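Let me begin by presenting the structure, written as structure tokens, before commenting on it.
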Amino acid sequence: MSTSLAPTDATPRSRPARSRTWRIIRRVLIVLAALLLIVAGLFGYAWYTAPVDTVGKVPFEQPLAIPPLAESQVDDDGRRVFDLTAQQSMTELVPGTSTETWGYNGGYLGPTLRAERGEEVIVDVTNDLDETTSVHWHGMHLPAEMDGGPHQPIAPGQTWSPTWTIDQPAATLWYHPHPHGETEDHIYRGLAGMFILEDPDLPAARQLPHEYGVDDIPVIVQDKRFDDGELTYGRPWFSSMGRLGDTLLVNGTYGPYLDVTTELVRLRLLNASTARVYDFGFSDNREFDVVATDGGLLPGPVAVNRMPLSPGERAEIVVRMEPGEQVELRSYPPDLGADFLTERFDGGSDRFDVLQLRAADELQTSPELPDSLAPAPDPLADVGNLDTTREFVLSGRTINGQKMDMGRIDTTVEVDRTEIWAITNRDGSVHNFHVHDTQFQIVDVDGRSPPPEFAGWKDTVLLRPNTTTRIALRFSDYSDPDVPYMYHCHLLFHEDQGMMGQFVVVEPGGSAGDVDHGAHAGH
Ligand SMILES: [Cu+2]
């Protein structure tokens, strides 16, 4: 049998040609094999170095910083006035190093704002940075022009003074920048803070631990990566999530411990990371009670031993301590619902020691947790039927096939009408979904009701790969056809790349107006 490479009538002259061909093929094969080895080597390196595991390696040597409660005054109009100034500083985040950071009224993060339902507030936000930013009140029900999204930029040197009336139940909200395309950077550098709402009409709230900084503790969790003290801004090769750090800060503290002096301690967990999903639990797997989620108290405490939170989500948990004991709050490998490769590179194998709780030898008695905390969320009760009103498909960096356009209104909703939104993640990796202005209730995920700790008020929901989550929501008050609110993925890299849409709330029968594309800087 013969082939063209080995002709039977081969002449002496064809032999050099044949061996030359073989030489070329051999070289190509060697180069290909070398390339394959390099790629396999890089992949292997990435595979083995991808998981982060800090369990047992964190020196719990720093007392947990408690963000100060923001000072405020009541002005002549009866409004509670807060001041926030975004500024740049050098901060000792990791002991012995100095890091360039951004913060509000300080080096890193910002003070905790606290206000009561019914109060009118005004926040004078000054931008002392040398680039434009904004401040969004995450989870807050308020007029669109006060929302602090991409349409309310604050230019360097300017002050923006949004004002609104607190009109929602007690909750752990937060504030952070929302400038279009720059949110990941601004939050990563340190701009974020907690906004605690109180509600005198919820008596159970006073039976929960509520002494700020004593038995009611903000726990703002963020992952970072440092190089020689400086924050690094790279993204991993094999992950599409965005930045995934190998070092945790809690309230800006590296290696934090908390001295506990009461039997019960309430932790207000906030995932203020840019991309990472956590699955919080304790080092001895003890049960704890989830008492509130994003938008406020659950109907009653829910005992669990894990509580997953994606970026932007909050949970208030109450943990019982024994005198003299130590236990660590951890993050266990979160269930990202993805294939094993994606899980590995998106943080699904990662474990962290988060915060050490050190109980005093004698603990003050705490009141028992009430069985009933707050009325159950009502949007579902208001819906005559559960027909889906709208569909949102998240894929790549798009929602319904489109990237964010500040000049385009994607969705127009009528004021005070309950809607069912079906949100589908069509990708093989996680996204999440945050809606401004309102709190929603999760109806079902692929037809299944959520577990009780996820059946309360939410404004942000994790979307596992290839699932459909339906939420019930209502936009009461504040119609404005010209100024949009946002819905978006709260993985900030995705958001910045355009995974965001705009909606306006209009009066019944109304239609969207002309959105101001450029928007105006503060005055
Ligand atoms: Cu996303």
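Scalar couplings 3J(HN,Hα) for the range 488-493, obtained by applying the Karplus form with A = 6.51, B = -1.76, C = 1.60 to θ = phi - 60°, are 6, 6, 8, 7, 5, 4 Hz; x denotes Gly and Pro. Assuming a viscosity of 0.890 mPa s and a temperature of 25 °C, what translational diffusion coefficient in µm² per second does Stokes-Einstein assign to the range 44-164, Rh being the Kirkwood radius over Cα pairs? Rounded to a whole number, D works out at 143 µm²/s.
Computed from backbone phi, the HN-Hα couplings of the range 185-202 come to 4, 5, 6, 4, 6, x, 7, 5, x, 9, 10, 9, 9, 10, 9, x, 8, 10 Hz, rounded to whole numbers (Karplus: 6.51 cos²θ - 1.76 cosθ + 1.60, θ = phi - 60°; Gly and Pro given as x). The residue list Trp102, Ala376, His138 was ranked by how far each Cα lies along the charge dipole of the chain toward its positive end, using unit charges on Cβ atoms, and Trp102 comes out on top.
Placing dummy labels 7 Å off each Cα toward the beta-carbon, the span from Asp167 to His210 is 2.3 nm. In the frame of its principal axes, the range 102-146 has Cα extents of 34, 22, 17 Å, reported largest first.
Cross-link partners of Lys458 among aspartates and glutamates, defined as those whose alpha carbon lies under 14 angstrom from its own and excluding same-chain residues fewer than eight positions apart: Asp294, Glu313, Glu316, Asp378, Asp437, Asp444. Between Glu116 and Glu198, the built amide H atoms are under 5 Å apart, and every one of these is 5 or more places off in sequence or on another chain. Helix 14-49 and the long axis of the chain differ in direction by around 20°, with both axes built from C-alpha atoms.
Only protein heavy atoms count here; under a 1.4 Å probe, Ile30 has an accessible surface of about 110 Å².
If the chain between Arg27 and Glu116 were fully stretched, how many nm would it gain, using 0.36 nm times the residue separation less the Cα-Cα distance?
Values: separation 89, 0.36 × 89 = 32.04 nm, distance 7.47 nm.
Taking 0.36 nm per residue and subtracting the Cα distance, the gain is 24.6 nm.
With both residues required to sit in the chain, DSSP beta bridges show an antiparallel share near 70%.
Note on Trp47: accessible area is roughly 50 Å² with a 1.4 Å probe, heavy atoms of protein only. Counting only residues at least eight positions apart within a chain, or on another chain, the lysines with an alpha carbon under 23 Å from that of Lys224 are Lys57. Under a 5 Å amide H cut-off, with hydrogens placed 1.01 Å from N, Val260 pairs with Arg358, Ala359, Ala360 among residues at least 5 apart or on other chains.
Taking the DSSP beta bridges in the range 89-174 as the whole, what percent of them are antiparallel, to the nearest 5? Before the final figure, lay out each step's value.
Working: 10 of 11 bridges.
That works out to approximately 90 percent antiparallel.
Antiparallel versus total DSSP beta bridges in the range 199-340: what percent is that, nearest 5? Among the beta bridges of the range 199-340, antiparallel pairing accounts for roughly 80 percent. Measuring r between the beta carbons of Ser349 and Asp76 and using R0 = 45 Å, the FRET efficiency lands at 0.20.
For the range 132-222, how big is the tail of P(r) above 21 Å, as a whole percent of Cα pairs?
Values: 1680 of 4095 pairs.
The share of Cα pairs beyond 21 Å in the range 132-222 comes to 41 percent.
Working from Cα pairs under 8 Å separated by at least six residues, relative contact order for the range 201-266 is 40 percent. Over all directions, the projected convex hull of the C-alpha atoms in the range 69-127 averages 4.7 nm² in area. How big, on average over all directions, is the shadow cast by the Cα convex hull of the range 289-333, in nm²? Mean projected area of the Cα convex hull: 4.0 nm². Each Cα pair under 8 Å and six or more residues apart adds its separation to the average, and for the chain the resulting relative contact order is 15 percent. Over all orientations, the chain has a Cα convex hull whose mean projected area works out to 32.5 square nanometres. Contact order for the range 96-227, expressed relative to its length and based on alpha carbon pairs under 8 Å spaced 6+ residues apart, stands at 30 percent. For the range 105-186, the solvent-accessible area works out to 26 Å² per residue, with a probe of 1.4 Å and every protein chain left in place.
In angstrom, the C-alpha Rg and Dmax of the range 239-337 are 13.9, 45. Restricting the calculation to Cα atoms, the range 444-523 yields a radius of gyration followed by a Dmax of 16.0, 49 Å. Taking the protein heavy atoms of the chain in the context of the full set of protein chains, the accessible area attributed to carbon and sulfur is 49 percent at 1.4 Å. For Phe82, the residues whose amide H sits under 5 Å from its own are Ile122, Val123, Asp124, ignoring neighbours fewer than 5 places away on the same chain, with H placed 1.01 Å from N. Using a probe of 1.4 angstrom and keeping all protein chains present, the accessible surface of the range 251-292 works out to 20 square angstrom per residue.
Evaluate the charge dipole of the chain about its Cα centre and quote only its size in Debye, nearest 20, assuming +1 on the Cβ of each Lys and Arg and -1 on the Cβ of each Asp and Glu. Show your work: numbers first, answer last.
Values: 40 positive and 79 negative charges, 824 e Å.
Magnitude of the dipole: close to 3960 debye.
Taking Lys and Arg as +1 and Asp and Glu as -1, the other residues whose beta-carbon sits under 11 Å from that of Asp353 total +1. Using the Karplus relation 6.51 cos²θ - 1.76 cosθ + 1.60 with θ = phi - 60°, the per-residue 3J(HN,Hα) values for the range 471-487 come to 10, 10, 8, 9, 10, 8, 6, 6, 6, 7, x, 9, 10, x, 9, 10, 10 Hz, with x marking Gly and Pro. The stretch between Asp201 and Asp128 holds 22.4 nm of extra length on full extension. This uses 0.36 nm per residue minus the Cα-Cα distance.
The values are calculated or read from the model by the stated rules, or taken from the named source; none is laboratory data. Everything numeric here is computed off the predicted structure, so don't read it as measured data. Glycine gets a Cβ as well: all are built from the backbone with ideal geometry, and neighbour counts include every protein chain shown. With ligands, DNA and RNA removed, areas are computed over all heavy atoms of the protein, side chains included. Shrake-Rupley method; radii C 1.70, N 1.55, O 1.52, S 1.80 Å.
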